1. Sort 76-85, 364-373, 63-72 for me by packing, meaning the mean count of neighbouring Cβ atoms within 10 Å per residue, highest on top.
2. For the stretch 23-479, build the charge dipole from Cβ charges (+1 Lys, Arg; -1 Asp, Glu) around the Cα centre, then report which of A242, P468, A189 sits farthest towards its positive end.
3. Under 21 Å between alpha carbons, and skipping anything fewer than 8 positions from K190 in its own chain: which lysines qualify?
4. Between T364 and N156, what FRET efficiency follows from the Cβ-Cβ distance if R0 is 51 Å, with the result rounded to 0.05?
5. Quick one: E396, E411, fewest Cβ neighbours within 10 Å first, how do they rank?
6. Quick one: Debye curve from the C-alpha atoms of the stretch 23-479, no solvent, what's log10 I(q)/I(0) at q = 0.05, 0.08, 0.10 Å⁻¹?
7. Would you mind checking which residues have amide H under 5 Å from Y297's amide H? H placed 1.01 Å from N; only 5 or more apart, or other chain.
8. What's the ranking of 37-48, 225-236 by average number of surrounding C-beta atoms within 10 Å, highest first?
Amino acid sequence: MKNTFIKIASLCLAVSTIFSCTSYVEDMNVDPDLLTDSDASNLFQGVLLADQFFQTSSTTRDVMIWLNQANGENRQYVALNDWNNTTASEFDDSWNTAYVNCITQSKIAQAKADAEVNPKLKGALQVIEAHCMGTVTSLWGDAPYSELDITGNNPNPKYDSQAAIYASLQILLTNAITNLNSTGTIPAAKDLYYGGDRAKWIKLAYSLKARYYLHVGNYPLAKTNAVLGMSSAADDFKAQFANSYGQSFNPFYSFLVIDRDDYMSGDGYAARLLDPTNALYRGNAKTDESARLAFSYNDEYWSPYGLNIYGGDYGGTNGKFGSDSPMPLVTYGEMLLIIAEADTRTSFAAGLTSYNNYRALLNTGYSIGIDNSGYDSATFSYLPYLATDFVLGGVENTTGSLTSQNALLREIYQERYIYFMGSFESYTDFGRSKNIAEIQLKTGKAGTPQRFLYPQVEINANPNTPSPIPSIVTKTPVHN
């Protein structure tokens, strides 16, 4: 993609016009490079990138460490292995990126689109707002939303309940779909993901509706919208990166290779689940995870597992965390997993059929390798499961006393734990499911990680911040 990233942190909402008595020096002190206003089309790309920066920010690394998908190895990253050591200030940047650079700018751009009579572009901007705000409420719970004021006249917006925010986002996405079906254009040159393709934006809107219905436990509507959402790998919504140092590198690669090359490894429970040589391996006669292990992890001379950072800038076939490797944000695979979970909660037989549909997609190499066809010469296999595989003593229910239905749910959540590695969705899953996947977290830590801390900048500035401030091990209201 073009190496074009956010160059605008905020937009002036009022422009002063200074009149001079002498016309020939009228614009003498005007800086032609100082942007004071812009149209919706130009603001659109900045909003897209602000959302991308938020969704792939440094806190995704924190989540991986807490969920035992990675390990802190040096200096402050050793402390991160215990989620209780996290401080409020560590979330300042993510909060500001979400609220200032993405949500506020999206609302400003939407107002511009209204003035320009471009409802289709407004619809795409509404989808991005919903993506960003949905992630905010999934991570922090109650949050400011209904009283956000782009004029700056209300610096202390109230906190809406998490349930109310999810309900508002469903309305926002419904309106977005209506607008996307209306007149206007989405500027192809500014659209980093879909090149102005209205149909793909509509599928993304339905996919987000499915995700948020799943978050609140409305499984029938989650499935209904997932069916209307992404229907192929070509619909996947992925963060895009390029091969130059700075903002265009995949942020995992930038951190792991350029910035702090020994602070974080891939050592943890997730790598062992994927490793055929490890006792924790989740594979069996129908499941070969060798390629997914190779794509996500590799050998590290100072650790049993490293995160795979090979690719355009480092050499070799692109790994999951390579310099220009795209990061999945909302995908077709997620929709199939949502359908499988929704079906399983009402019928084991229906859930098994739907989950096998997802496994059939994996068996094509989907999500394993950048080209969705596997990784190098490593092998993979995801054959369909039978009902007998989930009865007590079957390959997916070897110990304990789980029913077939609960054993299938555990398998689906364990798959989501692997599939969403590197994104916030795996963290939301852990909180909403009460660890159905039976993830083994790092031992000797008090409680389990459930949410993000309210950032220090918000605590200092907004008296409406909840008090007492919830700790990181306090469940969010919807998932309590």
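The numbers here are math on the coordinates, done by the rules we state, and not lab data. Please read these numbers as outputs of a predicted model, since none were measured by experiment. Cβ: placed from backbone, ideal geometry, glycine included. Neighbour counts: every protein chain shown.
1. 63-72, 364-373, 76-85
2. About the Cα centre, the residue reaching furthest to the positive side is P468.
3. Straight-distance partners of K190: K2, K7, K107, K112, K120, K122, K200, K203, K238.
4. According to the calculation, E is roughly 0.50.
5. Listing E396, E411 from fewest to most nearby Cβ atoms yields E396, E411.
6. The computed values of log10 I(q)/I(0) come out as -0.18, -0.46, -0.73.
7. N308
8. Per-residue Cβ counts within 10 Å, averaged per peptide and sorted highest first, yield 37-48, 225-236.
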